[in-house]
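Q: Take this structure, written in structure tokens, and hold onto it; I'll ask about it next.
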Amino acid sequence: MLIYLIDTLRSDHLGAYGQSPDVSPRIDRFASQAVVFTKALAQSGWTKPAVASMLTGLDPLRHGVQDRRDALAADLPYLPQLLAEAGYETVGLVTNPAVSPDFGYGRGFDTYEYIPDPPGGL
């Protein structure tokens with residue numbers, strides 16, 4: 001299983017969703033063999049609580065990550081941890097420091113790496 005989560009990217013700016021295919025060839029190639037959601041709603045307008053919601057299944061009031069200094073509580077259900085406990089190898093590659101292990105986002109990952117400037121872009 002692979003979850004490809006991109007923060008603050010509008011779907012109508014990707015070839016997989018109808019934009020010119022030369023805009024995002026790597027994502028389009030990946031999407032051609034993946035489940036692509038056509039409708040999604042974010043639980044928050046910024047990275048830290050939105051990612052917490054996606055990976056806990058809880059809204060920001062329940063998971064408690066709303067402000068810049070907030071961290072995920074260790075006792076929350078967390079998808080990477082649940083997958084690791086079920087025997088999956090879990091790897092997190094992130095480019096946004098807001099979702100760093102300092103805030104609890106590394107929990108459950110076998111490997112969790114911050115990549116400040118991804119090579120090759122999209």
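Q: Being over 25 Å from Pro60 (Cβ atoms) and touching a helix residue (DSSP H, G or I) at 6+ places or on another chain (Cβ under 8 Å) is the filter; apply it to the range 29-44 and report the residue that is least open to solvent (accessible area, probe 1.4 Å).
A: Here the residue is Ala31.
Q: For the range 1-28, enumerate the residues that are hydrophobic (A, V, I, L, M, F, W, C), more than 24 Å from Pro101 (Cβ to Cβ) and open to solvent by 30 Å² or more (accessible area, probe 1.4 Å).
A: If the condition is that a residue be hydrophobic (A, V, I, L, M, F, W, C), more than 24 Å from Pro101 (Cβ to Cβ) and open to solvent by 30 Å² or more (accessible area, probe 1.4 Å), then Ala16, Val23 are the ones that fit.
Q: Okay, next question. Go through the range 81-91 and give me each residue that's surrounded by 11 or more Cβ atoms within 10 Å (Cβ to Cβ) and under 23 Å from Ile115 (Cβ atoms).
A: Within the range 81-91, Gln81, Leu83, Ala84, Tyr88, Thr90, Val91 qualify.
Q: Output the qualifying pairs, or none if there are none: Cβ atoms under 8 angstrom, residues six or more apart or on different chains, first residue in the range 12-30 and in contact (Cβ under 8 Å) with a residue 24 or more places away in the chain and of a type in the set (Gly, Ala, Ser), second residue surrounded by 15 or more Cβ atoms within 10 Å (Cβ to Cβ) and in a helix (DSSP H, G or I).
A: Note: pairs meeting the criteria are Ser24/Gly15; Ser24/Ala16.
Q: Test Val94 against the criterion of being in contact with a strand residue (DSSP E or B) (Cβ under 7 Å, 6 or more places away or on another chain), of a type in the set (A, V, I, L, M), surrounded by 13 or more Cβ atoms within 10 Å (Cβ to Cβ) and within 24 Å of Thr111 (Cα to Cα), and give yes or no.
A: Yes, satisfied.
Q: Hey, could you check the range 51-69 for residues that are over 15 Å from Ser100 (Cβ atoms) and among the aliphatic types (A, V, I, L, M) and say which is modelled with the lowest pLDDT?
A: Here the residue is Met54.
Q: A further question follows. Looking at (1) in contact with a Pro (Cβ under 8 Å, 6 or more places away or on another chain); (2) closer than 16 Å to Met1 by Cβ, can you tell me which one Ala86 breaks?
A: Result: Ala86 passes all but (1).
Q: For the range 12-40, name all the residues that are assigned to a loop (DSSP other than H, G, I, E, B), among the aromatic types (Phe, Trp, Tyr) and more than 17 Å from Leu2 (Cβ to Cβ).
A: none
Q: Among the numbered conditions (1) surrounded by fewer than 18 Cβ atoms within 10 Å (Cβ to Cβ); (2) over 21 Å from Ile6 (Cβ atoms), tell me where Ser100 comes up short.
A: In the conditions (1) surrounded by fewer than 18 Cβ atoms within 10 Å (Cβ to Cβ); (2) over 21 Å from Ile6 (Cβ atoms), Ser100 misses (2) alone.
Q: Quick check on my filter: what residues within the range 56-80 are open to solvent by 50 Å² or more (accessible area, probe 1.4 Å), within 22 Å of Tyr4 (Cα to Cα) and in a helix (DSSP H, G or I)?
A: Leu79
The values are calculated or read from the model by the stated rules, or taken from the named source; none is laboratory data. All values reported here derive from a predicted model rather than from experimental measurement. Ideal geometry is used to build each Cβ from the backbone, glycine not excepted, and the neighbour counts take in all protein chains shown. Heads up: the accessible areas ignore ligands, DNA and RNA and are worked out on the full protein's heavy atoms, side chains in. Shrake-Rupley method; radii C 1.70, N 1.55, O 1.52, S 1.80 Å.
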